[in-house]
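The values are calculated or read from the model by the stated rules, or taken from the named source; none is laboratory data. Computed from a prediction, not measured in an experiment: that's the story for all the values here. Heads up, the Cβs are rebuilt from the backbone with ideal geometry, glycines too, and the neighbour counts pull from every protein chain shown. Surface accessibility is based on the protein's heavy atoms, side chains included, excluding ligands, DNA and RNA. Shrake-Rupley method; radii C 1.70, N 1.55, O 1.52, S 1.80 Å.
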Amino acid sequence: MGETDDAVVEAREEVIEALERSADVYGLKRSYGRLYGILFFAEDPMSMDDLADRSEYAKSTVSTAMKALERYHFVHRRSIPGEGKKAYFEAETDFWHIFQEFLQREISREIQIMSRALDSAVAQLEKADGEQAQRDLEKVRKLQSVYNQSERLVTFFTSQSMDKVMGVIERLRS
């Protein structure tokens, strides 16, 4: 391996180690970050066997990680013609897309759950008498306002390109 190859290996490993630490920051297992990093630099989709060999993790660890990374939109499961039912994985490298998918699928779901509960609570508290009911109604309405604004933000972020969002932020800053 030449000097250039060593530099590539070292640079990749530095990024993969940072991805491991990033996974840890978000409460995920470090192995998820390492496996994502391996896929991030892979030229072609990789099977679980390939990932287990490359990472030196057990296939069960790889399987669990791939399920979680799929859920969070970091990897995509692929099938390759002629390979039967064997699953292959590739990394999503567009982080804006990952962010938008997370907002659409995860955050939107949480907003919907809370909005339904808050709407129901408001209806109940409006019928109730007493000072405690009024104090609670005020608190719930404030929280309801936060969720309504959050829903608008999610809609904005998921419907715009990163360039457009950054343009709006820059205009707001100046």
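Data table
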quantity	calculated
Residue under evaluation Glu151, criteria (1) out of contact with any Ser or Thr (no Cβ under 9 Å at 6 or more places or on another chain); (2) open to solvent by 40 Å² or more (accessible area, probe 1.4 Å); (3) not aromatic (Phe, Trp, Tyr), criterion not met	(1)
Test result for Glu13, more than 15 Å from the chain's Cα centre (by Cα), modelled with pLDDT of 95 or more and either among the basic types (Lys, Arg) or surrounded by fewer than 14 Cβ atoms within 10 Å (Cβ to Cβ) (or both)	yes
Complete set of residues in region 136-146 that are under 24 Å from Arg105 (Cα atoms), touching a residue at least 12 places away in the same chain (Cβ under 8 Å) and open to solvent by 40 Å² or more (accessible area, probe 1.4 Å)	Leu143
Residue that is least open to solvent (accessible area, probe 1.4 Å) [pool: residues in region 21-36 that are farther than 12 Å from Ala65 by Cα and not in a loop (DSSP other than H, G, I, E, B)]	Ser22
Pairs where the first residue, in region 91-111, is closer than 14 Å to Leu153 by Cα and the second is among the β-branched types (Val, Ile, Thr), C-beta under 7 Å, 6+ apart	Gln100/Thr158; Leu103/Val154; Leu103/Thr158; Gln104/Thr158; Ile107/Val154; Ser108/Val154; Ile111/Val154
Selection status of Asp49, farther than 20 Å from Arg21 by Cβ, of a type in the set (Asp, Glu) and open to solvent by less than 60 Å² (accessible area, probe 1.4 Å)	yes
Residue list for region 70-104, restricted to those being in a loop (DSSP other than H, G, I, E, B) and not hydroxyl-bearing (Ser, Thr, Tyr)	His73, Phe74, Ile80, Pro81, Gly82, Glu83, Gly84, Lys85, Lys86, Ala87, Glu92, Asp94
Residue within region 119-136 that is outside any helix (DSSP H, G or I) and at negative phi present	yes
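Results for (1) open to solvent by 90 Å² or more (accessible area, probe 1.4 Å); (2) touching a His at 6+ places or on another chain (Cβ under 6 Å); (3) among the β-branched types (Val, Ile, Thr), shown as yes or no for each residue.
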| position | (1), (2), (3) |
| --- | --- |
| Ala68 | no, no, no |
| Thr93 | no, no, yes |
| Glu110 | no, no, no |
| Met114 | no, no, no |
| Ala117 | no, no, no |
| Gln134 | yes, no, no |
| Ser159 | no, no, no |
| Arg171 | yes, no, no |
